[in-house]
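> Pasting a structure here, questions to come.
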Amino acid sequence: MNLLIAVVAVVVGSWVSVPGGSWSPAPEQLSEIRNSLKPFVKQQATELHRQLPNWSRYTFQYQGQLDGGQRVIFVNAFCISPPEYTQRQFVFVEDGGTCFFQVKYDPNKKMFFQLMFNGEA
């Protein structure tokens, strides 16, 4: 018997839903995030005197979560080649600077909060 195992590769620049969240963001909410994330992150990096890699290098993971009983969309971004487990769990590393960041989005207020860039060793 031949078994066919399908491996779906995640390409750089993808937006990947990570399973296990408490709710599923609507397509309109994801569109809002995609349209407003880059300007927000660039502004914050500038204010912190941090340099971002080219935006096209990032891959984005997201998940609908609860934060204090409120719905938020957690976004994890990284600018390395997506590991094979990208569709199953979040890619977290220590250090790495602005190549790695996490942020939360409040879909009711339509605003980002708790942006955190990784440190540098």
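> Which of the residues spanning the stretch 46-62 are of a type in the set (D, E, K, R) and within 29 Å of R88 (Cα to Cα)?
R57
> Being touching a helix residue (DSSP H, G or I) at 6+ places or on another chain (Cβ under 7 Å) and surrounded by 15 or more Cβ atoms within 10 Å (Cβ to Cβ) is the filter here, so list the residues in the stretch 16-49 that pass it. Break it down into steps so the answer makes sense when it comes.
As a first pass, look at the stretch 16-49 and keep what is touching a helix residue (DSSP H, G or I) at 6+ places or on another chain (Cβ under 7 Å): 38, 45.
Across the stretch 16-49, the qualifying residue is only A45.
> All but one of (1) assigned to a strand (DSSP E or B); (2) touching a helix residue (DSSP H, G or I) at 6+ places or on another chain (Cβ under 9 Å); (3) surrounded by fewer than 19 Cβ atoms within 10 Å (Cβ to Cβ) hold for E120, so report the exception by its number.
(1)
> Let me ask something else about it. Looking at (1) of a type outside the set (V, I, T); (2) in contact (Cβ under 8 Å) with a residue 24 or more places away in the chain; (3) surrounded by 15 or more Cβ atoms within 10 Å (Cβ to Cβ), find the lone condition where F78 falls short.
The one condition F78 does not meet is (2).
Each value in this text was obtained by applying a stated rule to the coordinates, not by laboratory testing. For clarity, every value in this text was computed on a predicted model and none was experimentally measured. Heads up, the Cβs are rebuilt from the backbone with ideal geometry, glycines too, and the neighbour counts pull from every protein chain shown.
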